[in-house]
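The values are calculated or read from the model by the stated rules, or taken from the named source; none is laboratory data. All values derive from a computational prediction rather than experimental measurement. No Cβ is skipped: glycine too gets one built from the backbone with ideal geometry, and neighbour counts run over all protein chains shown.
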Amino acid sequence: MIQPLTQDRTKQYMQELCLIDKEAFGGNAWTAQNFELQIPGKFVLSRIAIEMSGPVGYLIGSRYARGTAHIHRVAVLVSLRRRGVGAKLLGSFETACLGIRATDVTLESLTGRDAANLFYESMGYSRISGQELVRYLREKRKTADQARYLGPRNEGQACVYHKMLIARDVIEGQNHKRVGNQ
């Protein structure tokens, strides 16, 4: 079952979240402080997958600009990968994004994370490059790290993915209809 990862659930399942993260990211695992960090929209957009045995995966997301959300971290227990847990987490997150009128979603990955990157691509995310990538780095204030994103594609090189959930003009058209019909 996919549920919002609220502040209370984060505290309740902190040990399990850290264990899932350690299994997924090894030496780059998050600490409890990372999970507790307050960022805009985090406890509205983040999700947790819970089975009878407890948490089996999570997605940490936030809102970072008008109409844009960002996925900071996704992890599913290795024993449950390729069983739809990640897809359900992403689907629930994307629905929550639309609920707060965030139509664009970004996420960062490493080029060497082939299975994760194939998963993102299978879920409709596209790797960005060129001016779109430069604009993203400027908006996220990562221009000092540009070489990490724009350099040769070596193992460990960072990449950015983007997905538009729904055309902005569709949302704006719906808002116009509502105003006109009231």
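Quick notes
- Taking segment 100-115 as the range and being surrounded by fewer than 17 Cβ atoms within 10 Å (Cβ to Cβ) and over 15 Å from Thr68 (Cα atoms) as the test, the residues that pass are Leu110, Thr111, Gly112, Arg113, Asp114, Ala115.
- Of all residues in segment 31-68, those satisfying the criterion of being crowded, with 20+ Cβ neighbours inside 10 Å and among the aromatic types (Phe, Trp, Tyr) are Phe35, Tyr58.
- Within segment 1-55, the set of residues being farther than 25 Å from Leu110 by Cβ, of a type in the set (A, V, I, L, M, F, W, C) and part of a strand (DSSP E or B) comprises Ile2, Ile50.
- Filtering Thr95, Thr111 for residues that are out of contact with any strand residue (DSSP E or B) (no Cβ under 8 Å at 6 or more places or on another chain) and not aliphatic (A, V, I, L, M) leaves a single hit, Thr95.
- Of all residues assigned to segment 156-179, none qualifies as being loosely packed, with under 10 Cβ neighbours inside 10 Å, of a type outside the set (S, T, N, Q) and at pLDDT 75 or above.
- The lone exception for Val134 - which of (1) loosely packed, with under 15 Cβ neighbours inside 10 Å; (2) outside the structural domain of Gln7 (by TED's automatic domain parsing) it fails: (1)
- Whichever residue in segment 17-57 is aromatic (Phe, Trp, Tyr) and farther than 17 Å from Arg113 by Cβ and, among such residues, is modelled with the highest pLDDT: Phe35
Conditions (1) within 24 Å of Met1 (Cα to Cα); (2) touching a Gly at 6+ places or on another chain (Cβ under 6 Å), marked per residue:
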position	(1), (2)
Ala49	yes, yes
Ala69	yes, yes
Arg83	yes, no
Leu98	yes, no
Thr106	no, no
Glu121	yes, no
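- The residues on offer are Val74, Val85, and the sole one that is within 15 Å of Ser62 (Cβ to Cβ), at pLDDT 95 or above and of a type in the set (A, V, I, L, M) is Val74.
- Thr106 vs. criteria under 26 Å from Gln38 (Cβ atoms) and assigned to a helix (DSSP H, G or I): no
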